[in-house]
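The values are calculated or read from the model by the stated rules, or taken from the named source; none is laboratory data. Remember, predicted model here, so these are calculated numbers, not experimental data. In this analysis, Cβ positions are derived from the backbone assuming ideal geometry, glycine residues included, and neighbour counts consider all displayed protein chains. Each accessible area value is taken on the protein alone, full model and side chains, heavy atoms only, with ligands, DNA and RNA left out. Shrake-Rupley method; radii C 1.70, N 1.55, O 1.52, S 1.80 Å.
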Amino acid sequence: MAENTDTVRGRDTAEDRDTAEDREFDDASRLSSAPEEEAAEPAAGEPVGIGVLGWLRWIWRQLTSMRVALILLFMLSIAAIPGSLVPQESGESALKVDDFKARHETLTPIYEKIGMFHVYSSPWFSAIYILLFVSLAGCILPRSWQFVGVLRSKPPAAPRNLTRLPVYTTWRTGADQEAVLAAAERVLKRRRFRAHTAHGAVSSEKGYLREAGNLLFHISLFGLLIAVAIGHLWNASGTKIVVEGEGFSNILTDYDDFSSGPFFNDDKLKGFGFTLDSFDAAYARSGSQRGTARKFQANVTYWDGSEGADRKGTIKVNEPLEIGGSKVYLTAHGYAPEITVRDGRGDVAFRGAVPCLPQDANATSQCVFKVPDYRTKDNGREQLGFQGFFAPTFGGATPKGMVSQFPALDFPALLLTAYHGDLGVDAGTPQNVYRLETTHLKQFKDAKGDPFRKALRPGEKFSLPNGAGTFEFRGVREFANFQVSEQPGNGLALGSAVLAIAGLAASLFIQRRRVWVRAAEDEDGTTVVEMAGLGRSESARIADELADIAADVQAGAPAAEDRQTRESEEE
Amino acid sequence: MFIAAEANENLAHISNVLMYSAMAVYTLSFLAHCAEWVFGGRSRIAVQSAAIAARREEPAGERAVTVQVRRSGAGTATLSRPKVVTKQPDRPCEDGPGAAGEDEQADLLGRMAVSLMVLGFLLHFGSVLCRGISVQRPPWGNMYEFSTTFALVAVGTYLVLLASKLRVRWLGLPVVTAVLLDLGIAITKLYTESDQLVPALHSYWLWIHVTTAILSGAALYLGAVTAVLYLFKDGYETRIAQGEPGGRLTTVWRRLPAAASLDKFSYRINAIIFPLYTFAIIAGAIWAEGAWGRYWGWDPKETWSFITWVGYAAYLHARATAGWKGRKAAYLALIAFACFLFNYYGVNLFITGKHSYAGV
Ligand code: HEM
């Protein structure tokens, strides 16, 4: 398990820190390229008098220290909080922003000033993560060089005093020094340690993958950042409502609404399209969750490129269809009544399926039908507007409208009132297709002078008062909302995430450790073998491993039955 | 056409009965754990042995590990055994004897508590299994189901640790307490009839995401509880080291493992789980990409998992930074876990986002 060396080093008392032996010991016991905290905490006033360069260096050193990285990480997580509590303009809660602003009059101007409605692109949030990534770069680069250096050089020489290391063992053997060292090097290499012998001792090290993993993890974070940036700058996405039997082609004018990143070029929209052949939906018929959706599926025919062949496909809620690098998602669905409106002379003034906007879980929908090309009985130019509700399962009307009792088409009905006059569609200003602008419209009245209201079942029709025309409700088709989006950088994001996890796992699960074996001839002709190990913690693992290695080395350098070992046996 | 398989009401009912039974058994286990702590504290032996342990002369912070030398040839008998000396940190880290002290009666109660926990686990498992069969899908589709599975995994993890001979019986009481709380909230506040799922939740990435998130949460809970105990025990050890009295709950602190052991245990759990939690978030992002057309959209749930993740990253950094070890790092771990909990209960209940489920 990963821990770190500071506990090992931290035990050294301050007094003897500066002796040569200690420095050598420190070098040997550094198992990580993590910047040393001492460097991050210069003596008070250190930068004074070194000039601008000195200050810059000091700032850089502060910025790239582990302590500052820690503080920035902490700040980043705190800074992310407000965005989850205040509705965000760019997010899915965009519709709630206006609502929030209406309810909080005093807070709104302050919030607007500090970017509370777009926290994740606000200057202060950006500042934190940019500083963090600068710090990360400043941290990774030197660490990478250092790591390359470690890989190219040999494991550090054995400290003079092996007994100071956290795990240690010794024995005497009759084998000579050369044989012991050769055996030790062989054993260590067999255990995949990098080992070499110099000055009567074997130095060895293993677990480099830990450091490599750590670097890989941090570098992958850069990959993620770049992927997010690419996605932000070059993305394009739009929505389109398609009624069964109708189609969509990927040109700007065919979108209901479209937005793209600052660097996206609208001419680059790929030439593809699809038609919605049919839409399948299924709902829970019983139980406490009666009415919740069980299945949504759009069956489409699509083509890629102007010469592309027609192909069949399905789009489900979790399964977008990929066409030519773009993805088509199914986001919602609803009903589109098929209607025919005849004018005062009996000619068809409007014919088509018009989507109604679902209002609740049972698909009670709000409908608006606009008939701009209409002639009165005496051939006068006017416009008609109808407004009302559609219910797939009619459950009765209230004075304000009607309610649906189930989202499937069990007992569809349409309830409408009618207007004539000027729809305002010719003014050139864009109009909401789901809203009737009634300022220049007059409502039709029935014989009693009340507003004209009619309920219709499919196949039924009604006549407007005074022979003003007829309205026929021919049937119902389903429509689906599609989101078409092109998101470059997704692959990079996924790749970086996978590498990050791999790096993280290596960094946390692999232990980097060193083992030294020293053999020295004693006066009485035997050889004293000393072995010591250093892991990133005082965990039992390094002790067990050292014991195993010792046992293996003893196969080539059997312990001699001597005074010292006998003593220690008796203890 | 997909025919919605009707939930098997009978099995769903059995699942509920099993859940109530499991809670009853967990309650008994809770009482047995409490009794163990109470009787273990009264035991004179425990007090004496602790006093003796304090007086015993430790060989200057060194612990010897003797190793059997493995020999293949039977003729060459063991000549000697290398003795590996392991150094100990400054503070003697004598692990306490555990909840029972050395009182036999308390130990018996403790064993009963563990047995009851195993029985509760089996009933609990049966309940979750029946629920899963009754809806013909993994039973992790709404908050009631998350909560029951979460508790199941917490108990399971604890029992696995026990079974692998780790001395973690001191974790029993906090685990069973949290499990009872969690199940109580699940039954009373979050209960949802068993049923099918809305189409947005039909994705195998969802199952991967939810499974790993539940596993992470249950394990992180163990890490957080240990961090709390570490803070108390560390305070106690500091007081003792300064020659002060151990405080009101001395008999409790004395029976816990050493602060260093608790710290290490907590770190290990958090460090092992961190990559899994990272994976859970990434699986969630992959699912979101398929469902909503973007892998990250700062939805409250996503935001809080980001906050939690960064919190744990800060904790891991803190452990690697000299001045931030120990207590400060433990506080960070607790803050990060609090974020996890808020993401679980707070965001689902108080903030509406895209992550709203059938029922709650
Ligand atoms: C972008 C935000 C960052 C995140 C999310 C992050 C995350 C992590 C995580 C999870 C670990 C734990 C892995 C382990 O213990 O081996 C870690 C380790 C480490 N990080 Fe970062 N890090 C970030 C930025 C930085 C920066 C800016 C620095 C340099 C100042 C840095 C230096 C280190 C070092 C040296 C380690 C290894 C510690 C050790 O040897 O145990 N990290 N980081």
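Selection over segment B:295-312 of residues that are more than 24 Å from the chain's Cα centre (by Cα), within 7 Å of chain A (Cβ to nearest Cβ) and open to solvent by 10 Å² or more (accessible area, probe 1.4 Å) gives a count of 4. When we screen A:Asp267, A:Asp280 for residues that are surrounded by fewer than 18 Cβ atoms within 10 Å (Cβ to Cβ), within 14 Å of another protein chain (Cβ to nearest Cβ) and outside any loop (DSSP other than H, G, I, E, B), the only hit is A:Asp280. There is at least one residue in segment A:184-205 that is within 16 Å of the ligand (Cβ to nearest atom) and modelled with pLDDT of 90 or more. Among the residues of segment A:339-361, write down those that are open to solvent by 40 Å² or more (accessible area, probe 1.4 Å) and more than 14 Å from every other protein chain (Cβ to nearest Cβ). Passing the criteria: A:Arg342, A:Arg345, A:Asp347, A:Val348, A:Phe350, A:Arg351, A:Leu357, A:Pro358, A:Gln359, A:Asp360.
Here B:Phe279 meets the list (1) touching a Ser or Thr at 6+ places or on another chain (Cβ under 8 Å); (2) open to solvent by less than 30 Å² (accessible area, probe 1.4 Å); (3) within 7 Å of another protein chain (Cβ to nearest Cβ) almost entirely, failing just condition (2).
None of A:Thr163, A:Thr170 is hydroxyl-bearing (Ser, Thr, Tyr), surrounded by 14 or more Cβ atoms within 10 Å (Cβ to Cβ), within 14 Å of another protein chain (Cβ to nearest Cβ) and more than 16 Å from the ligand (Cβ to nearest atom) except A:Thr170.
Given the conditions (1) under 30 Å from B:Glu9 (Cβ atoms); (2) in the same structural domain as A:Glu437 (by TED's automatic domain parsing); (3) of a type in the set (Lys, Arg), and given that A:Lys316 satisfies all but one, which numbered condition is not satisfied? Looking at each condition in turn, A:Lys316 falls short on (2). Within 13 Å of the ligand (Cβ to nearest atom), under 30 Å from B:Ser305 (Cβ atoms) and either within 14 Å of chain B (Cβ to nearest Cβ) or at pLDDT below 70 (or both): which single residue out of A:Leu63, A:Leu85, A:Leu95, A:Leu72 fits that description? The match here is A:Leu72.
Remark: A:Gly247 matches the filter, which requires a residue to be at pLDDT below 95, away from the ligand (no atom under 16 Å from the Cβ) and within 30 Å of A:Phe482 (Cα to Cα). Residue check: is A:Asp552 over 25 Å from A:Ser32 (Cα atoms), surrounded by fewer than 20 Cβ atoms within 10 Å (Cβ to Cβ) and at pLDDT below 90? Judged against the criteria, A:Asp552 is a match. Within segment A:137-160, the presence of at least one residue that is more than 14 Å from A:Ser33 (Cβ to Cβ), within 12 Å of the ligand (Cβ to nearest atom) and part of a helix (DSSP H, G or I) is confirmed. The one condition from (1) open to solvent by 40 Å² or more (accessible area, probe 1.4 Å); (2) modelled with pLDDT of 80 or more; (3) of a type in the set (A, V, I, L, M, F, W, C) that A:Ala540 does not meet is (2).
Residues checked against (1) at pLDDT 85 or above; (2) more than 22 Å from B:Ala178 (Cβ to Cβ):
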| position | (1), (2) |
| --- | --- |
| B:Asp95 | no, yes |
| B:Gly98 | no, no |
| B:Gly101 | no, yes |
| B:Glu104 | no, yes |
| B:Arg111 | yes, no |
| B:Leu122 | yes, no |
| B:Cys130 | yes, yes |
| B:Ile133 | yes, yes |
| B:Arg137 | no, yes |
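Just one of (1) modelled with pLDDT of 95 or more; (2) not in a helix (DSSP H, G or I) fails for B:Tyr277. It is (2). Take the residues in segment B:323-358 that are modelled with pLDDT under 80 and open to solvent by 60 Å² or more (accessible area, probe 1.4 Å), then tell me which one is nearest to B:Lys189 (Cα to Cα). Here the residue is B:Leu349.
Say whether the condition of being over 16 Å from A:Ser77 (Cα atoms) and within 16 Å of the ligand (Cβ to nearest atom) is met by at least one residue in segment B:301-319. For segment B:301-319, residues over 16 Å from A:Ser77 (Cα atoms) and within 16 Å of the ligand (Cβ to nearest atom): present. Please verify whether A:Phe125 is more than 16 Å from the ligand (Cβ to nearest atom) and either within 30 Å of A:Ala520 (Cβ to Cβ) or in a helix (DSSP H, G or I) (or both), treating the condition exactly as stated. No, not satisfied. Does B:Gly172 count as touching a helix residue (DSSP H, G or I) at 6+ places or on another chain (Cβ under 8 Å), under 15 Å from B:Val25 (Cβ atoms) and not aliphatic (A, V, I, L, M)? Judged against the criteria, B:Gly172 is a match.
Quick check on B:Leu316: is it in contact (Cβ under 8 Å) with a residue 12 or more places away in the chain, surrounded by fewer than 22 Cβ atoms within 10 Å (Cβ to Cβ) and more than 7 Å from every other protein chain (Cβ to nearest Cβ)? Considered against the rule, which asks whether it is in contact (Cβ under 8 Å) with a residue 12 or more places away in the chain, surrounded by fewer than 22 Cβ atoms within 10 Å (Cβ to Cβ) and more than 7 Å from every other protein chain (Cβ to nearest Cβ), B:Leu316 comes out as no.
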